[in-house]
Amino acid sequence: MNSCQISVALISFNEENRILRTLESVSGLCSEIIIVDSGSTDNTIAIAESCGAKVFIEDWKGFAEQKNSALSKCTKDWVLFLDCDEVLTPELRFEIAGNICLRQDINGYFINRRSVYCGKIMEYAWQPDKKLRLVRRNSNPKWMGDFVHENLSIEGKTAVMQGEMLHYSYDSMKTHFHKTVEYARLSAENYFEKGRTVSFFNLIANPIFAFCNMYIRHGAFMDGKLGLVASFSSMMGTFLKYAMLYEKKISSKRKNH
């Protein structure tokens, strides 16, 4: 094992169908696994503990605060943050094991996520998707953001890993479109709380831009039919986000009159 020890940090809630694959991908690479669970009612906790994870059950506080809680419990030199639907490729494992002790000037590494959609590894849709995930614990890492969006920040220099992780976020179109609607709802609520406005232009132009950005600019058309579906989902999610924001604005005006 690399002389620089690694803590793996995750947050979970009812992830029994996915978490084992994630934990198996870091087996032998990390020195400890820290999981903050939001009260799973399935076998998530039992599966995690069978893999040697230390599980802490806490009320849901939002993505950023939940991840910061997991971070505070890590004790090793480096912290690798993962979601329960993310899996390290063998190439990434090898790169992490061999490289993190070599450069003392690097405090964090971005890792690209490649989506696995309905069983197909997407080459262009949702790309690039680089996330800061592997950081030195002494670089003052902190998750920042609101209830929906969160980003990791650190002090010091960062670099990009060549290896990638696989993101098993959508195992079926039913799951995908359910999540699209739910994420649109959460985003609309977030926009409303921040006082964001919505215009006819937002409802028409922004969804079209979202489709063109993924399908043409990022080349999702080269992913075939699933690339087309992914691009339409981006368009639909954008439209629903602004439509739901408009609905909340109208409802708020009626209540105030």
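Name the residue, out of Ile216, Ile250, that is at pLDDT below 95 and among the β-branched types (Val, Ile, Thr).
On the way: Ile216 fails: at pLDDT below 95.
On inspection, the qualifying residue turns out to be Ile250.
Filter segment 212-230 down to the residues that are of a type in the set (Gly, Ala, Ser) and not in a helix (DSSP H, G or I) and list them by number. Write out each step before concluding.
Initial filter on segment 212-230 (of a type in the set (Gly, Ala, Ser)): 219-220, 224, 227, 230.
Result: Gly219, Gly224.
How many of the residues in segment 122-136 are over 14 Å from the mean Cα position of the chain (by Cα) and assigned to a strand (DSSP E or B)? Steps first, answer last, please.
Quick first cut of segment 122-136, residues over 14 Å from the mean Cα position of the chain (by Cα) only: 122-125, 135-136.
Narrowing the set further to residues that are assigned to a strand (DSSP E or B) leaves 135-136.
Count: 2.
I'm trying to understand the selection: among the residues of segment 184-221, which are polar (S, T, N, Q) and touching a Ser or Thr at 6+ places or on another chain (Cβ under 7 Å)?
Asn206
Can you confirm whether Asp171 is within 30 Å of Glu24 (Cα to Cα), of a type outside the set (Ser, Thr, Tyr), surrounded by 13 or more Cβ atoms within 10 Å (Cβ to Cβ) and more than 19 Å from the chain's Cα centre (by Cα)? Before the answer, list the steps.
Values: within 30 Å of Glu24 (Cα to Cα): yes; of a type outside the set (Ser, Thr, Tyr): yes; surrounded by 13 or more Cβ atoms within 10 Å (Cβ to Cβ): yes; more than 19 Å from the chain's Cα centre (by Cα): no.
Answer is no for this residue.
Table: residues versus (1) in contact with a helix residue (DSSP H, G or I) (Cβ under 8 Å, 6 or more places away or on another chain); (2) of a type outside the set (A, V, I, L, M).
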site	(1), (2)
Ile6	yes, no
Asn14	yes, yes
Lys54	no, yes
Phe63	no, yes
Lys67	no, yes
Trp78	yes, yes
Glu86	yes, yes
Leu102	no, no
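How about segment 139-173: which of its residues are among the polar types (S, T, N, Q) and either part of a strand (DSSP E or B) or at pLDDT 95 or above (or both)?
The first filter runs over segment 139-173 and keeps only residues among the polar types (S, T, N, Q), leaving 139-140, 151, 153, 158, 162, 169, 172.
Result: Ser139, Asn140, Asn151, Ser153, Thr158, Gln162, Ser169.
Could you figure out which of (1) under 18 Å from Ser12 (Cα atoms); (2) surrounded by fewer than 20 Cβ atoms within 10 Å (Cβ to Cβ); (3) acidic (Asp, Glu); (4) touching a residue at least 40 places away in the same chain (Cβ under 8 Å) isn't true of Glu123?
The number of the failed condition is (1).
Of these, Ser12, Ser31, which one is within 24 Å of Ile154 (Cβ to Cβ) and over 15 Å from the mean Cα position of the chain (by Cα)? Don't jump to the end; show me each part of the working.
Values: Ser12 fails: over 15 Å from the mean Cα position of the chain (by Cα).
Only one candidate passes the filter, namely Ser31.
The values are calculated or read from the model by the stated rules, or taken from the named source; none is laboratory data. Here the structure is a predicted model, which is why all the values come from computation and not from measurement. Counting neighbours? That spans all protein chains shown, and the Cβs are built from the backbone with ideal geometry, glycine included.
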